[in-house]
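Worksheet: one structure, shown below.
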Amino acid sequence: MSAIAENLCRVEERIAWAALRAGRRPEEVVLVAATKDRTAREVEEAVRAGVKIVGENRVQEAEAKFPQIGLPFRKHMIGHLQRNKVRKALMLFDAIQSVDSLRLGEEISKRAIQMDRTIEVLVEVNTSGEATKFGVDPEGALDLLGALSELEGISVKGLMTVGPLSEDVGEVRRAFSLLRSLRDEIERELGLSLPVLSMGMSGDFEKAIEEGSTMVRIGTAIFGPRSSGYTSG
């Protein structure tokens with residue numbers, strides 16, 4: 001068994017135990033392999049080992065890598081998306097997890113209609129308040145969801161956040177708990193079904209699952225530390 005396959009087994013075990021600790025079923029939590037700066041060979045190895053969804057941060061990197069991978073998998077855009085990259089993103093991805101403004105949503109809607117498709121999206125919320133992070137402010141999430149839900153060509157499935165870079169466990173949990181509370185509020189206010197809470201990465205995914213995450217985005221714990229000098233091969 002390869003190192004990536006062994007790591008994946010360990011991650012899946014940790015996901016299962018975190019879910020059980022929270023009184024949930026392990027199958028309620030979906031794993032997205034975060035493949036920023038990983039080679040096409042590494043990604044294919046992960047897919048061969050059982051990864052079903054790959055998450056990429058950059059359109060250009062996805063464009064270079066995806067055609068080299070000879071196995072089927074679902075593709076999620078998990079990084080910040082610029083409006084001028086939307087058309088290409090819709091050609092590459094099955095879902096976009098990082099919608100953080102109405103203008104971006106409107107561009108995705110326009111391009112999706114042109115391509116005669118409906119794409120699943122998540123709204124990214126900045127629950128930590130860190131200036132370095134993307135995402136709509138929590139106070140603006142309800143209005144943004146309401147506006148996006150009226151657009152054609154997109155299907156809003158839930159919310160996404162990136163936890164704070166902090167050693168304070170309480171602070172990390174608060175960010176995840178806030179996203180869950182926002183989701184519940186928005187469902188009540190707008191009458192929407194938002195089943196997906198994408199939160200938790202290699203350093204904090206167990207806490208995220210305990211706070212209600214239904215989707216975790218994990219890179220380092222599967223692939224190991226990033227090496228310098230990424231190439232697409």
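Nothing in this text is a laboratory measurement; each read-out follows from the coordinates by a stated rule. Being a predicted model, the structure only gives us computed values, none of them experimental. Neighbour counts run over all protein chains shown; Cβ positions are idealised from the backbone, glycine included.
Structure summary
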{"read-out": "Ranked packing of 28-35, 55-62, 146-153, 121-128, most packed first, by mean Cβ within 10 Å", "value": "121-128, 28-35, 55-62, 146-153"}
{"read-out": "Cα Rg, Dmax (largest Cα-Cα span) when computed across segment 3-223, Å", "value": "16.6, 46"}
{"read-out": "Relative contact order (%) - criterion: Cα under 8 Å, at least six apart; region: segment 122-233", "value": "22 percent"}
{"read-out": "Theoretical ellipticity at 222 nm over the chain - DSSP helices of four or more residues, -39500 (n - 2.57) apiece, nearest 500", "value": "-13000 deg cm²/dmol"}
{"read-out": "Within segment 135-230, trypsin sites (Lys or Arg not before Pro) in DSSP loop having at most 13 other beta-carbon neighbours inside 10 Å", "value": "Arg226"}
{"read-out": "Cβ crowding within 10 Å averaged over residues, with 41-51, 14-24 ranked highest first", "value": "41-51, 14-24"}
{"read-out": "Percent RCO, i.e. relative contact order, over the chain, from Cα pairs under 8 Å lying at least 6 residues apart", "value": "22 percent"}
{"read-out": "Pairs of Lys in the chain closer than 19 Å at Cα, counting only those 8 or more apart or on different chains", "value": "18"}
{"read-out": "Kyte-Doolittle at least -0.5, axis length at least 24 Å by Cα - qualifying DSSP helices, the chain", "value": "3-21, 169-190"}
